[in-house]
Amino acid sequence: MDPIVVYGSRPAWGAPDFSPFVMKLETWLRLAEIPYTRKDGNPLRAPKGKIPYVELDGQLMGDSQLILEALSRRHDVQLDAGLSPAELATARAVRRMIEEGLYFVTLRLRWVEDDGYAVLYPAFSKMFPAVIAPVAMALVRRNVRRNAQAQGAGRHSREEALAMGIADLQAVETLLGDQPYLLGDAPRSVDATLYAFLTAIQTMPVETPVHAAARSPRLLAYTARIRERYWPATEVVGR
């Protein structure tokens, strides 16, 4: 089989990628011990118009979850072997809560709120040639605002959105408890998602109640544990 090529965005704030979905996929590949190479992606080339996407046997494939499920079958990955039906259901529920709920709260804090956008702009604008960066960033911000409005996170008051994000993070912290990983002593597929999205929040150099909740001692210890084992060369800042 040809090597897997992962197309991502760019590092930001000491994290390996600006996108938590890229970090999720790369972390999963590291958990599964599947070698891959990394290249800068282009959403215009991506099969679903989003990053990440991968090249497998000369074909492009998008969506981080569909990619890792395909790779799991292809490489007979056993990360979730032995989990009970209840544990598998918990993992799915947590992943969906993070990707379909918490993500949009943090998207709002990155792109819609002026304080977050001021921090985001110099990091994300590097993806564009300097001459077109201001126009490109304005277009992306407008599209994100539209998507946040359609999804719902943009329709709430700031206090309501913050409360939703904090509640999600507190639910994760409660489920984690004193375990090293979400479902016990061994990392599972869901830990790739959890690590990626927590890291994306923890490293962004802004202060909101959501970021404070993500930087609780227990959640910081959790991401540090995974980073030290699977991302040993990564310097994470903003903590």
Which of the residues spanning segment 62-81 are in a helix (DSSP H, G or I), in contact with a helix residue (DSSP H, G or I) (Cβ under 7 Å, 6 or more places away or on another chain) and either among the acidic types (D, E) or touching a residue at least 60 places away in the same chain (Cβ under 8 Å) (or both)? L68
Return the pairs, sorted by first residue and then second, in which the second residue is outside any strand (DSSP E or B) and of a type in the set (D, E, K, R), the first residue lies in segment 4-16 and is free of Cβ contacts under 8 Å to residues at least 60 places away in the same chain and surrounded by 20 or more Cβ atoms within 10 Å (Cβ to Cβ), the beta carbons are less than 6 Å apart, and the residues are 6+ apart or on different chains. G8/D17
Verdict on Y195 being more than 18 Å from L83 (Cβ to Cβ), out of contact with any Cys (no Cβ under 9 Å at 6 or more places or on another chain), of a type outside the set (G, A, S) and touching a residue at least 40 places away in the same chain (Cβ under 8 Å): no
Can you tell me which residues in segment 168-225 are of a type in the set (S, T, Y) and either touching a strand residue (DSSP E or B) at 6+ places or on another chain (Cβ under 7 Å) or closer than 18 Å to L109 by Cα (or both)? T199, T203, T208
Filter result for the condition that a residue is under 30 Å from I34 (Cα atoms), more than 19 Å from the chain's Cα centre (by Cα) and in contact (Cβ under 8 Å) with a residue 24 or more places away in the chain, over P180, P187: P180
Would you point out which residue out of R92, R158, R146 is basic (K, R), within 27 Å of W28 (Cα to Cα) and out of contact with any helix residue (DSSP H, G or I) (no Cβ under 6 Å at 6 or more places or on another chain)? R92
Is there a residue in segment 82-91 that is under 19 Å from the mean Cα position of the chain (by Cα), part of a helix (DSSP H, G or I) and of a type outside the set (D, E, K, R)? yes
Test set (1) polar (S, T, N, Q); (2) more than 28 Å from G49 (Cα to Cα); (3) crowded, with 19+ Cβ neighbours inside 10 Å - T174 fails condition number: (3)
Could you count how many residues in segment 146-160 are assigned to a loop (DSSP other than H, G, I, E, B) and on the phi < 0 side of the Ramachandran plot? 5
Just the residues that are among the small types (G, A, S) and modelled with pLDDT under 90, please, taken from segment 42-64. A46, G49, G58
A212 vs. criteria free of Cβ contacts under 8 Å to residues at least 40 places away in the same chain, of a type outside the set (K, R) and in a helix (DSSP H, G or I): yes
Can you confirm whether G101 is under 19 Å from the mean Cα position of the chain (by Cα) and among the small types (G, A, S)? yes
If we keep just the residues of segment 47-78 that are basic (K, R) and more than 19 Å from the chain's Cα centre (by Cα), which is nearest to S189 (Cα to Cα)? R73
Does segment 31-52 contain any residue that is in contact with an Asp or Glu (Cβ under 9 Å, 6 or more places away or on another chain), surrounded by 18 or more Cβ atoms within 10 Å (Cβ to Cβ) and in a helix (DSSP H, G or I)? yes
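The values are calculated or read from the model by the stated rules, or taken from the named source; none is laboratory data. Remember, predicted model here, so these are calculated numbers, not experimental data. When we count neighbours, we look across all protein chains shown, and the Cβ atoms used for this are built from the backbone with ideal geometry, even at glycine.
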